[in-house]
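The values are calculated or read from the model by the stated rules, or taken from the named source; none is laboratory data. Every value quoted in this text rests on a predicted model; they were computed, and no experiment measured them. Neighbour counts are summed over all protein chains in view; Cβ atoms, including those assigned to glycine, are modelled from backbone coordinates with ideal geometry. Just so you know, the surface numbers come from the protein's heavy atoms only, side chains and all, with ligands and any DNA or RNA stripped out. Shrake-Rupley method; radii C 1.70, N 1.55, O 1.52, S 1.80 Å.
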Amino acid sequence: MYLSIDGIEKSFIDDKNNKTKVLDNINIEIEKGSFVSIVGPSGCGKSTLLYLIAGLEKADRGNIQITGKKVTKPGPDRVVVFQEAGLFPWLTVMENVTYGLLLKKMPKEEAKAKALDILKMVHLSRYVDSYPHQLSGGMKQRVAIARALVMEPDILLMDEPFSALDEQTRMVLHKELLDIWRKTKVTIFFVTHNIREAVLLSERVIVFATRPGKIKEVIPVPATKDGVMPDSVTLHTEQRILAILQDEIEKVLKEEMGDDYSFKTDHLHRDDSGDMGSHI
Ligand SMILES: Nc1ncnc2c1ncn2[C@@H]1O[C@H](COP(=O)(O)OP(=O)(O)O)[C@@H](O)[C@H]1O
Ligand SMILES: [Mg+2]
């Protein structure tokens, strides 16, 4: 298997010095070139798992292997895209995107040509000389994606990359990301709390239970040959995932609200965006 996550356990020590298990016995096998999403309520350990794959955190137990090689530290084969673009404000779009290549001592002209190819893919070739503050949120996130892709990673690790964007911008970026995925064949590991987003983008949705985070169910997303899914199929898959998550959302609300908790399951209607809300 290409990316193999095997028996992962991870605990953190909280502010009161208690050890809390965040991830419990996580096992996932991911094929090269696939697009996998993780959904689950906030705090269920999605980002922690992504950081473990990135090599930014260490597991207490278990292994993560890429083509049979154990992940022990960050590497150029895995690049992370975060919710905040995290661009250097004093550098132009072109300079932000070529930054990593120049660090690797690639000749400047070659780096620029490569960056321009990728910036075309995210439709930003007209903005190479702009600075981040001159760009919209969606454009900044495109630069972040271009900066990641220019390094030619094998695995793109995306942690709620579109969560801060408005719905229209998000839809455009969904399409661009799918085009990029098909063109580059990069393996994408995508964390989101937006069920619709997970269903629209990925081939497989891993639904997490919380406290501790563990895999509750893995839902394959039906696909047509042309990649266009009838709304009824998408909606059905979304509803299936929401039903699986309902208990978990309840659990979080109960713990967070304590005695104030008075919601009933049937108050948890999905909104039109398939978003579980910012605090859950
Ligand atoms: N470095 C850390 N130190 C202590 N606790 C952490 C740390 N990172 C995450 N946590 C805790 O682990 C849990 C899972 O966090 P996280 O992986 O960020 O969840 P998610 O991305 O699903 O919202 C949370 O309760 C969070 O407070
Ligand atoms: Mg997170």
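Apply the Kirkwood formula to the range 88-152: the hydrodynamic radius equals the inverse of the mean of 1/r over all pairs of different alpha-carbon atoms; give it in Å with one decimal. It works out to 11.3 Å.
The solvent-accessible area of residue 190, taken with every protein chain present and a 1.4 Å probe, is close to 0 Å².
The listed residues 29, 248 rank as 29, 248 when sorted by accessible area, largest first, using a 1.4 Å probe. Shape annotation for the chain: C-alpha extents along the principal axes are 60, 41, 39 Å, from largest to smallest. Taking 105, 120, 114 and ordering them by how much accessible surface each has at a 1.4 Å probe, largest first, produces 105, 120, 114.
Residues 259, 77, sorted by accessible area with the largest first, give 259, 77 [1.4 Å probe; ligands and nucleic acids excluded]. 3J(HN,Hα) along the range 200-210: 5, 8, 9, 8, 8, 10, 9, 9, 9, 8, 10 Hz, from the Karplus curve 6.51 cos²θ - 1.76 cosθ + 1.60 with θ = phi - 60°, whole Hz, x for Gly and Pro. Expressed as a whole percent, the accessible area of the range 143-251 that falls on carbon and sulfur atoms is 55 (1.4 Å probe). Close amide H contacts of residue 213 (hydrogens built in the peptide plane, cut-off under 5 Å, sequence separation of 5 or more or a different chain): 23, 24. Gap in Å between the Cα centre of the range 1-44 and the Cα centre of the range 186-207? Value for the Cα centre distance between the two parts: 15 Å. Taking 0.36 nm per residue of sequence separation and removing the Cα-Cα distance, the residue 9/residue 77 pair yields an extension gain of 22.2 nm. Solvent exposure of the chain, expressed per residue, is 51 Å² of accessible area, with all protein chains present and a 1.4 angstrom probe.
A Cβ-based charge dipole, computed about the Cα centre of the chain with Lys and Arg at +1 and Asp and Glu at -1, lands at about 1120 debye. Summarising the amide proton neighbourhood of residue 81: residues at separation of 5 or more, or on other chains, whose placed amide H is nearer than 5 Å comprise 157, 158, 159. Note on residue 11: accessible area approximately 30 square angstrom, rounded to 10, probe 1.4 Å, nucleic acids and ligands left out.
Taking only Cα atoms and a 10 Å spring cutoff, compute GNM fluctuations for the chain and point out the largest among 139, 106, 94. It is 106. For residue 38, nonlocal amide neighbours, meaning residues 5 or more places apart or on other chains whose placed amide H falls under 5 Å from its own, are 190, 191, 192, 206.
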